[in-house]
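Comments concern the structure below.
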Amino acid sequence: MPLFRPRRLLAAALLCAAFAAAAAPDSGDRYRVTMTMRMAGMSMPGTTTEVCTARAQAVSEQAIPKDKNCEVQNFRVEGNKASYHLVCTGKNAMTGDGEMETLADGYRGSIKAQVEGQQMTMSYEGKRIGGCDYATESPEAQGRAVTAQICEAQLESPVSHTMYIGPKAACPAYKAKFCANVNRLTAKAAEPAHFAETDRTYGGAIWQAVEGCGSSRAAILVKACSQAEASGELDFVGDYCPDLVARHCADADPNRNGRFLVQHCADRARALAAQQCEGRGYTAMQSSPYKGFCSSYAAQRLNARNAGTQAAPASQDAAPAGDEAPAKKPSLRDRFKGLKDRIGGN
Amino acid sequence: MRWIAAVALLACAGAQASAPVDRFPDVATAYWVEVDGRPLWAGQPDRRLPMASLTKLMTALVAVEQGGLDAWAEVSAGAAAETGTRIGLRRGERITRRDLLLAALVRSANDACRALADAVGATTDARAPTGAFVARMNARAASLGMADTHYTDPCGHDDAAQYTSVRDLAALSHAVLAQPVLAEAVQRRELRLTTAAGRVLSARTTNPLLDGLPGARGLKTGTTPAAGRCLVALVERGGRRVLVVLLHAPDRWWDSVGLVELAFDAAPPRADAASAASGADAAGADVSVR
């Protein structure tokens with residue numbers, strides 16, 4: 001999977017997107033733009049970037065930093081100065097007033113805005129440092145390149161399906177490639193082990209991607225359940241195919257399907273445990289064919305023993321140093337085992 | 001903004017995941033269960049309790065960090081007279097520190113453990129090697145942040161001033177597993193040692209989980225009258241690791257098996273998959289700002 005550095009890429013994308021400029025066929029002016037922001041008495045460190053803009057008058061609507069949800073209103077030019085009103089909608093809604101002026105070698109300006117009841121002032125200054133090829137270096141061109149980079153980077157990540165599929169997809173042009181990858185990842189999902197591994201690794205997101213790409217989780221699962229039944233992978237049946245569970249309780253192999261029996265076939269599990277597990281020491285079970293079943297049963301028994309327990313946060317209190325008396329009074333079983341421990345002591 | 005919220009949510013989830021709950025209070029006086037290094041369940045995690053032969057995990061760690069495992073060590077009178085589980089070393093016999101280490105970890109042999117501690121301790125203080133070694137054990141415990149641990153004996157004999165907590169044992173286990181020599185030693189089922197004189201000693205592990213539990217990788221058993229039955233168990237399956245620490249656990253084998261199975265079932269999604277998902281969410285949100 002390609003290495004993905006969303007924060008770096010997104011920072012670049014946002015900086016590029018902030019400067020919309022008029023289109024020009026060939027060349028442009030390269031500005032070094034420094035932007036500072038002040039809000040609620042706090043200043044953010046200035047950020048500097050180089051921007052290629054269309055060769056045009058520096059004081060223009062196009063040079064105002066804003067995102068796509070913002071509209072410049074009442075733009076007025078007087079001599080080498082301009083003023084305007086800015087209205088932004090959507091998640092970052094705000095209104096503000098701005099001004100800007102042409103300098104000998106660039107421009108500068110500021111916007112004062114109300115954001116969530118707080119006064120914010122953003123100042124910017126662009127200094128021309130040379131020419132540039134607007135066709136390839138413009139914010140729009142660079143933004144497109146960054147978008148393409150991000151869209152490419154996540155193609156193999158099925159959890160990113162909302163980037164490629166649906167009405168709000170940011171990379172709709174990449175849907176076919178994304179779905180090809182999803183199909184490749186799920187090509188073997190009809191095999192129970194692959195289905196379970198895919199499910200564990202990606203959770204529900206992979207199946208949303210599958211559905212978004214025109215396939216069906218239910219259809220894949222029917223095949224996987226059928227294979228699991230045929231090959232006796234009853235743990236899978238128990239986990240994913242509830243309708244098929246009952247028919248396998250009688251013929252499940254305790255050694256191979258211990259977990260299935262314990263979790264889904266209570267009556268048979270109880271009877272088997274009474275015959276093969278209860279009262280037997282773990283070390284005595286090493287060569288027993290019921291070892292696997294009894295291990296699963298141990299987990300179930302442990303759960304049952306503590307079923308009434310409210311899962312409280314683990315106590316943080318430490319006993320005093322040297323307090324080594326066991327908290328519990330030893331049971332008869334414990335005392336009997338203690339006798340054995342005195343002999344063995346490992 | 002969405003990616004900030006996602007990061008905040010992940011941070012909260014992480015904080016919750018790192019606070020274990022006491023889900024199985026009857027398994028032991030104190031217990032600790034973690035998955036992939038993140039605590040899942042625990043009871044009395046900071047209570048100071050005797051640790052029996054789990055002590056030898058620190059003994060082994062100090063010995064490995066000292067180095068010189070292929071150096072010969074002479075079995076002292078004190079080592080040869082050690083009680084409890086032994087491998088049968090004789091006074092004056094010479095055997096490598098590496099073999100002593102294996103016997104101490106695999107068979108929990110007190111004679112090998114003491115001989116190892118004395119050999120390493122003698123490099124600091126030849127007149128009181130055992131005491132010098134114990135001082136190093138305590139220093140190492142302090143450096144690992146084991147605030148509820150104190151050693152007075154290198155092999156785990158009961159002593160009022162020798163105690164640890166399950167949280168500290170989990171930290172110690174991580175340090176042990178970070179040493180490849182120890183990570184390999186704790187999963188051995190059998191050992192066969194040869195003294196300098198050519199006498200061959202063999203023994204089997206004290207940990208039956210290594211034979212019976214799929215994915216078992218160690219680590220150490222311990223039993224004394226004061227400590228009861230103790231265990232540090234590590235099991236790896238499908239790239240995931242469950243660590244179980246039990247102090248004074250009446251039914252340590254079946255209950256550790258049960259805890260391991262339940263921990264794998266309860267394991268949250270792997271961190272790598274979760275971070276991939278969150279990273280994608282962030283990208284999905286912010287790329288559309290354009």
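Rundown of residues vs (1) in a helix (DSSP H, G or I); (2) of a type outside the set (A, V, I, L, M, F, W, C); (3) in contact with a helix residue (DSSP H, G or I) (Cβ under 6 Å, 6 or more places away or on another chain), yes/no style:
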residue: A:Arg144; (1), (2), (3): yes, yes, no
residue: A:Ile150; (1), (2), (3): yes, no, yes
residue: A:Ser160; (1), (2), (3): yes, yes, yes
residue: A:Lys168; (1), (2), (3): no, yes, no
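Say we look at region A:29-57 and pick out the residues that are of a type in the set (A, V, I, L, M) and assigned to a loop (DSSP other than H, G, I, E, B); which of these is farthest from A:Gly117 (Cα to Cα)? Selected residue: A:Ala56.
Can you confirm whether B:Pro269 is at pLDDT 85 or above and facing chain A (nearest Cβ under 8 Å)? Talk me through it step by step, then tell me what you get.
On the way: at pLDDT 85 or above: no; facing chain A (nearest Cβ under 8 Å): yes.
Here the answer is no, as B:Pro269 does not meet what is asked.
All conditions but one from (1) closer than 22 Å to B:Gly92 by Cβ; (2) over 15 Å from the mean Cα position of the chain (by Cα) apply to B:Pro154; the one that does not is (2).
When restricted to residues that are within 17 Å of the chain's Cα centre (by Cα) and of a type in the set (D, E, K, R), region B:207-228 contains 2. Quick one: what pairs do we get from region A:152-178, first residue facing another protein chain (nearest Cβ under 9 Å), second surrounded by fewer than 21 Cβ atoms within 10 Å (Cβ to Cβ) and among the polar types (S, T, N, Q), C-beta under 6 Å, 6+ apart or different chains? Partner pairs satisfying both residue conditions: A:His161/A:Gln208; A:Ala170/B:Ser288.
Look at A:Arg200 and say whether it is closer than 24 Å to A:His161 by Cβ, of a type in the set (Lys, Arg) and within 14 Å of chain B (Cβ to nearest Cβ). Working first, answer last.
Working: closer than 24 Å to A:His161 by Cβ: yes; of a type in the set (Lys, Arg): yes; within 14 Å of chain B (Cβ to nearest Cβ): yes.
Taking the combined requirement at face value, the residue satisfies it.
To keep it simple, each residue is scored yes or no on (1) surrounded by 15 or more Cβ atoms within 10 Å (Cβ to Cβ); (2) in contact with a strand residue (DSSP E or B) (Cβ under 6 Å, 6 or more places away or on another chain).
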| position | (1), (2) |
| --- | --- |
| A:Ala113 | yes, yes |
| A:Glu125 | yes, yes |
| A:Thr136 | no, no |
| A:Glu140 | yes, no |
| A:Cys151 | yes, no |
| A:Val159 | yes, no |
| A:Met163 | yes, no |
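Quick check, is B:Arg188 surrounded by fewer than 21 Cβ atoms within 10 Å (Cβ to Cβ) and farther than 17 Å from B:Leu54 by Cα?
Details: surrounded by fewer than 21 Cβ atoms within 10 Å (Cβ to Cβ): yes; farther than 17 Å from B:Leu54 by Cα: no.
Criteria not met by B:Arg188.
B:Gly218 meets the conditions (1) at pLDDT below 95; (2) in contact with a Leu (Cβ under 7 Å, 6 or more places away or on another chain); (3) surrounded by fewer than 24 Cβ atoms within 10 Å (Cβ to Cβ) in every case but one. The failed one is (3).
Those helices (runs of 4 or more DSSP H) of region A:172-285 in which at least 1 residues are of a type in the set (Phe, Trp, Tyr), considering only elements entirely within it, cover A:175-185, A:192-202, A:204-212, A:234-240, A:258-264. Within the option set B:Thr206, B:Thr223, being part of a strand (DSSP E or B) and surrounded by 15 or more Cβ atoms within 10 Å (Cβ to Cβ) holds for one residue only, B:Thr223. Flag: B:Arg90 does not match the condition of being surrounded by fewer than 24 Cβ atoms within 10 Å (Cβ to Cβ), touching a helix residue (DSSP H, G or I) at 6+ places or on another chain (Cβ under 7 Å), at pLDDT 95 or above and closer than 16 Å to B:Pro129 by Cα.
The single residue among B:Gly215, B:Gly198 that is over 19 Å from B:Val27 (Cα atoms) and in contact with a strand residue (DSSP E or B) (Cβ under 9 Å, 6 or more places away or on another chain) turns out to be B:Gly215. Within region A:37-45, one or more residues are modelled with pLDDT of 85 or more, surrounded by 14 or more Cβ atoms within 10 Å (Cβ to Cβ) and in the same structural domain as A:Leu103 (by TED's automatic domain parsing). Of the residues in region B:228-236, none is more than 8 Å from chain A (Cβ to nearest Cβ) and of a type in the set (Lys, Arg). Restricting the search to strands (runs of 3 or more DSSP E) fully inside region B:13-99 and requiring at least 3 residues that are of a type outside the set (Lys, Arg), at negative phi and in contact with a Pro (Cβ under 7 Å, 6 or more places away or on another chain) gives B:38-43. Give the number of residues within region B:226-247 that are modelled with pLDDT under 95 and under 21 Å from B:Asn110 (Cα atoms). Adding up the residues that qualify gives 0.
Identify, please: which residue in region A:201-225 is of a type in the set (Val, Ile, Thr) and more than 22 Å from B:Ala267 (Cβ to Cβ) and is, among those, surrounded by the most Cβ atoms within 10 Å (Cβ to Cβ)?
If we take residues in region A:201-225 being of a type in the set (Val, Ile, Thr) and more than 22 Å from B:Ala267 (Cβ to Cβ), then A:Val210 is surrounded by the most Cβ atoms within 10 Å (Cβ to Cβ).
If you check B:Val134 against the conditions, is it touching a residue at least 12 places away in the same chain (Cβ under 8 Å), more than 14 Å from every other protein chain (Cβ to nearest Cβ), closer than 29 Å to B:Leu201 by Cα and under 18 Å from the mean Cα position of the chain (by Cα)? Judged against the criteria, B:Val134 is a match.
The values are calculated or read from the model by the stated rules, or taken from the named source; none is laboratory data. Computed from a prediction, not measured in an experiment: that's the story for all the values here. All Cβ positions, glycine included, derive from the backbone under ideal geometry; neighbour counts span all protein chains shown.
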